[in-house]
Amino acid sequence: MGKRMVVVGGVAGGASAAAKAKRENPELEVVVYEKSGWVSYGACGLPYVLSGEIPSLAKLVARTPEEFRKQGVLVHTRHEVVDINPHERVLTVFDHREGRTFQDRYDYLVLATGARPAIPPIPGTEQAGVYTLRSMEDGERLLKALEGARRAAILGAGYIGLEVAEAFRKRGLEVTLLEAKERPLPHWDEEVGTLLKGELERHGVEVWTGVRVLAIGGAGRVEAVETSEGVVPADLVLVATGVRPNTELAQAMGVALGPTGAIRTDAGQRTNLPEVFAAGDCCETYHQVLEDYVHVPLGDVANKQGRVAGLNAAGGSASFPGIVGSQCFQVFSLEVASTGISEQTARQKGWDIATQIVEAPSKVHYMPGASPVLLKLVFERPTGRILGAHMAGREGVARRINTLALAVQARLTVQEVARMDFAYAPPFSPPLDPILVAAEQALKKVSR
């Protein structure tokens, strides 16, 4: 009997693990169980389907079950793994289509069970008209709801809340964004949050910050959101207050969790159980700046972890060194990006740091489209090592943050970055790129 690898969960991490394992070891049987009706899709694209920029949910799919089958990977959708016996290496699976339960065996197991929306304990969240956005099914429900909606309230001003606020405005809805903290994107530094708030308001989004949501009012269907600052009329509510890793199955079989509540793995994505791996939003990842484990549920991280888990399960050798927390997104015309850690995080850790903020043109002033770029560097004293950066602007932000991500990952100093040799041409940057300007000015603060 041939060796058999089973993947539990078939979205980003699970799909990557299955495909990589089959490429690494064509003789390995690879089976994927996914409890939803979709596999291998880009959930990060869901807001753009809601806005109408992407014409259909199907466009987000990277591989269908039929395409996986042609590659030798057997994918079962609407199949939920409900129990795993690690001693006998047996799974119990419930087939939602046929309403039957059966068992399967594995030699190698990859847990890619993802995460689910964190619903706060607010009265009224069970009513019709209250939605989350995490899966393709969520997207389907929201698309239908948008057909008759006029006023939307969004709970939470993180990535999803911000991107969906734009999508709803493009659909013609009145939108109120409710955030408990003092600014949008509260885990980033204040400078970016201030720019985001202004951009949202310029495009007709009402932004309420420092507000507590008390209840979602209605008689079976949402009518308003009751807050500490007043009532917001709404016929559609999106709850975007974060996610929690799906770890119940892992816990039940004895897989160890980390302090974040997500699955703990080593650099090879191995759990504490033999031949059991984990990847994606259900597990932790190592943060190279913090030198600690964090839970960062992002699609690119899930794909990288999935490839490592799949290759190692198939007999190869690979490791995932962790992240430096690089992220970017766009709200209306404003690009926002970060890497490393923020000033507030560094100070909470008690590090001796300094910051440098510059506003510099994205390209030569006489070129069409030239606009200011805000760049904030966070660096250690007295070494000058760059710990993080935030950027915001109307162009050139997302691509520049990758340069700083490399600097953070390579533990470069502001001295080293200030002397970098960057390419220059008027359509792309000024003679002195904003990164070089910020690093040069930061030199003055390194030894203070």
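A few points about this structure:
- Among 87-94, 435-442, 245-252, the order from most to least packed when residues are scored by Cβ within 10 Å on average: 435-442, 245-252, 87-94
- Rounded percent of accessible protein surface that carbon and sulfur make up, the chain, 1.4 Å probe: 50 percent
- Between the alpha-carbon centres of the range 318-362 and the range 197-242 there is a gap of 28 Å.
- Taking the chain and dividing mean pair separation by its residue count, relative contact order in percent (alpha carbons under 8 Å, at least six apart): 14 percent
- Legend: calculated FRET efficiency, GLU140 to THR403, from the Cβ-Cβ distance at R0 = 35 Å, rounded to 0.05, equals 0.35.
- With a Förster radius of 25 Å applied to the C-beta separation of MET420 and MET367, the computed FRET efficiency comes to 0.70.
- Springs join every pair of Cα atoms under 10 Å in this Gaussian network model of the chain, and among VAL276, VAL408, VAL211 the largest mean-square fluctuation is at VAL211.
- The string of couplings for the range 228-239 from the Karplus curve (6.51, -1.76, 1.60, θ = phi - 60°) is 5, 10, x, 9, 10, x, 7, 10, 8, 10, 10, 8 Hz, one whole number per residue in order, with x for Gly and Pro.
- Using the 1.4 Å probe convention, the accessible area of the chain works out to 43 Å² per residue with neighbouring protein chains retained.
- Scanning residues 5 or more positions from ILE122 or on other chains, none has an amide H under 5 Å from its amide H, with H placed 1.01 Å from N in the peptide plane.
- Backbone amide hydrogens, once placed in the peptide plane, bring LEU257 within less than 5 Å of ARG264, excluding anything fewer than 5 places away on its chain.
- Amide hydrogen proximity for VAL110: with H placed 1.01 Å from N in the peptide plane, the residues at 5 or more positions away or on another chain lying under 5 Å are VAL6, VAL7, VAL8, PHE277.
- Phi angles across the range 418-434 convert, under the Karplus curve 6.51 cos²θ - 1.76 cosθ + 1.60 with θ = phi - 60°, into 3J(HN,Hα) values of 4, 9, 5, 9, 8, 5, 9, 7, x, x, 10, 6, x, x, 10, 4, x Hz, Gly and Pro given as x.
- Projected label distance in nm at GLU395 and ASN85, using a 7 Å step from Cα toward the beta-carbon: 6.3 nm
- Of LYS376, LYS59, the residue with the largest accessible area leads and the full order is LYS59, LYS376 (1.4 Å probe).
- Over the chain, dividing the summed -39,500 (n - 2.57) contributions of all DSSP H runs of at least 4 residues by the number of residues returns a 222 nm mean residue ellipticity of -7500 deg cm²/dmol.
- Over the range 270-314, volume per residue of the alpha carbon convex hull, in Å³: 73 Å³
The values are calculated or read from the model by the stated rules, or taken from the named source; none is laboratory data. Nothing here was measured: the structure is a model prediction, and the numbers come from that model. Virtual Cβ from ideal backbone geometry, glycine too; neighbours counted across all protein chains shown. The area values use the complete protein model at the heavy-atom level, side chains included, leaving out ligands, DNA and RNA. Shrake-Rupley method; radii C 1.70, N 1.55, O 1.52, S 1.80 Å.
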